[in-house]
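*Asks:* Just dropping this structure here.
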Amino acid sequence: ADVRALLTSSAIDIEAPGVDRDTGAGIVMAYNVLQASGIVGTANIEFGSVIADEDPGNGDGDITAGEGGRLNIQLVNLGVNEAANITATLTTATPGIILNAPNASPYADLTAISGTGMNLTPFRFTVASDAVCPLIASFVLTVTYSGGPNPKVLTFTVPIGPTENINSTLNVTA
């Protein structure tokens, strides 16, 4: 009875006022039901984008053996509460990838529902000069913040080595 009361009292009435034959109490609005129930929502941080650039490097656009890399990582708050006091720590277990200090970066607070922000200090790493390329570097970003479940662990990969461009002429018989 309590659940039914929450669902019907927070629904959007779309026909004649009140309950009717075709639409009942109306459209159930999950967020409104949660608010009416007294359940407190949380912040929910996810990836927005990950941008990897060579820094320092030879300027060819590829992060290769003996070069450095810079990571700018955008986070987005998909939750219903603000995420505040955000700090992210980067780790990797990929052989030949050495993280440069500091491997942690703060973020500005992210507003609820669609707040986005980039790390305030870029993450930097070095590819060992004897690393066998191409390789895929796996990273783990552990995010702590107030307003949501902690810690949030996000994983991503970055390609290391030259980009393969294959040019070929096909023999076609008409």
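The values are calculated or read from the model by the stated rules, or taken from the named source; none is laboratory data. In this text the structure is predicted, and so the values were computed from the model without any measurement. Every residue, glycine among them, receives a Cβ derived from its backbone with ideal geometry; neighbour counts consider all protein chains shown. Heavy atoms of the whole protein, side chains included, go into the accessibility calculation; ligands, DNA and RNA do not. Shrake-Rupley method; radii C 1.70, N 1.55, O 1.52, S 1.80 Å.
*Asks:* If you check every pair at least six apart or on different chains, which have Cβ atoms under 9 Å apart with a residue in region 112-136 that is touching a residue at least 40 places away in the same chain (Cβ under 8 Å) first and a residue that is among the aromatic types (Phe, Trp, Tyr) and open to solvent by less than 70 Å² (accessible area, probe 1.4 Å) second?
*Replies:* Close Cβ pairs (under 9 Å, with a partner that is among the aromatic types (Phe, Trp, Tyr) and open to solvent by less than 70 Å² (accessible area, probe 1.4 Å)) amount to GLY117/TYR107; MET118/TYR107; ASN119/TYR107; PHE123/PHE139; PHE125/PHE139.
*Asks:* Mind telling me which of the residues GLY57, GLY48 ends up being open to solvent by 30 Å² or more (accessible area, probe 1.4 Å), in contact with a Ser or Thr (Cβ under 9 Å, 6 or more places away or on another chain) and assigned to a loop (DSSP other than H, G, I, E, B)?
*Replies:* Among GLY57, GLY48, only GLY57 is open to solvent by 30 Å² or more (accessible area, probe 1.4 Å), in contact with a Ser or Thr (Cβ under 9 Å, 6 or more places away or on another chain) and assigned to a loop (DSSP other than H, G, I, E, B).
*Asks:* Tally the residues that are within 25 Å of the chain's Cα centre (by Cα) and either open to solvent by 40 Å² or more (accessible area, probe 1.4 Å) or of a type in the set (S, T, N, Q) (or both), restricting the search to region 123-133.
*Replies:* 2
*Asks:* Based on this model, can you work out whether ALA36 counts as small (Gly, Ala, Ser), open to solvent by less than 70 Å² (accessible area, probe 1.4 Å) and part of a helix (DSSP H, G or I)?
*Replies:* Criteria met by ALA36.
*Asks:* Looking only at region 66-80, which residues are at pLDDT below 95 and either buried (at least 18 other Cβ atoms within 10 Å of the Cβ) or charged (D, E, K, R) (or both)?
*Replies:* If the condition is that a residue be at pLDDT below 95 and either buried (at least 18 other Cβ atoms within 10 Å of the Cβ) or charged (D, E, K, R) (or both), then GLY79 is the only one that fits.
*Asks:* Consider ALA112 against the criteria (1) small (Gly, Ala, Ser); (2) over 18 Å from ALA52 (Cβ atoms); (3) open to solvent by less than 40 Å² (accessible area, probe 1.4 Å); (4) modelled with pLDDT of 95 or more: it satisfies all of them except one. Which criterion is unmet?
*Replies:* For ALA112, the failing item is (4).
*Asks:* Within 29 Å of TYR31 (Cβ to Cβ) and open to solvent by 60 Å² or more (accessible area, probe 1.4 Å), is that true of THR142?
*Replies:* no
*Asks:* Say whether the condition of being within 30 Å of VAL40 (Cβ to Cβ), of a type in the set (S, T, N, Q) and outside any loop (DSSP other than H, G, I, E, B) is met by at least one residue in region 70-79.
*Replies:* For region 70-79, residues within 30 Å of VAL40 (Cβ to Cβ), of a type in the set (S, T, N, Q) and outside any loop (DSSP other than H, G, I, E, B): present.
*Asks:* Can you confirm whether region 106-115 contains a residue that is aromatic (Phe, Trp, Tyr) and under 17 Å from VAL158 (Cα atoms)?
*Replies:* The answer is no; no qualifying residue exists.
*Asks:* For the condition more than 23 Å from the chain's Cα centre (by Cα), acidic (Asp, Glu) and modelled with pLDDT under 90, what is the one hit in ASP60, ASP22?
*Replies:* Of ASP60, ASP22, the one residue that is more than 23 Å from the chain's Cα centre (by Cα), acidic (Asp, Glu) and modelled with pLDDT under 90 is ASP22.
*Asks:* Determine the pairs where a residue that is within 20 Å of ILE136 (Cβ to Cβ), located within region 93-104, has a partner that is open to solvent by 60 Å² or more (accessible area, probe 1.4 Å) and in a loop (DSSP other than H, G, I, E, B) with Cβ atoms under 8 Å apart, the partner being 6 or more residues away or on another chain.
*Replies:* GLY96/ASP130; GLY96/VAL132
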